[in-house]
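Here the structure is laid out as structure tokens; the discussion comes afterwards.
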Amino acid sequence: MAQVPYSAAMHRRARRLLLDLDMRRPPRPRSETTDLTLAELLDESLGADALIARLAPR
């Protein structure tokens, strides 16, 4: 089984590509605080969509 070694250069390149993406729309405003607990934020069963929905301003 072939393995791809992790390198800091790969990480930097991927990060630069991600930050250079042009999303063509401004980000939505976010609240400075949240009612989520640390346990809820770390819970992997919550899912990204549910987490984003819970963090949306009301």
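The values are calculated or read from the model by the stated rules, or taken from the named source; none is laboratory data. As the structure is a computational prediction, the values presented were derived from the model and not from experiment. Please note: Cβ atoms are built from the backbone with ideal geometry, for glycine as well, and neighbour counts cover all protein chains shown. The protein model used for the area step is the full one, side chains on, heavy atoms only, and it has no ligands, DNA or RNA in it. Shrake-Rupley method; radii C 1.70, N 1.55, O 1.52, S 1.80 Å.
Within region 12-39, which residues are free of Cβ contacts under 8 Å to residues at least 12 places away in the same chain and aliphatic (A, V, I, L, M)? Result: Ala14, Leu17, Leu18, Leu19, Leu21, Met23, Leu38, Ala39.
If only residues of region 29-48 that are of a type in the set (Gly, Ala, Ser) and in a loop (DSSP other than H, G, I, E, B) are counted, the one that is least open to solvent (accessible area, probe 1.4 Å) is Gly47. Here Leu55, Leu51 are screened, and the one residue that is touching a Ser or Thr at 6+ places or on another chain (Cβ under 8 Å) and surrounded by 10 or more Cβ atoms within 10 Å (Cβ to Cβ) is Leu55. Within region 4-46, the set of residues being over 22 Å from Ala56 (Cα atoms) and β-branched (Val, Ile, Thr) comprises Val4 only. Please verify whether region 12-28 includes one or more residues that are in a loop (DSSP other than H, G, I, E, B), touching a helix residue (DSSP H, G or I) at 6+ places or on another chain (Cβ under 8 Å) and at pLDDT below 80. No, the conditions are met nowhere in region 12-28.
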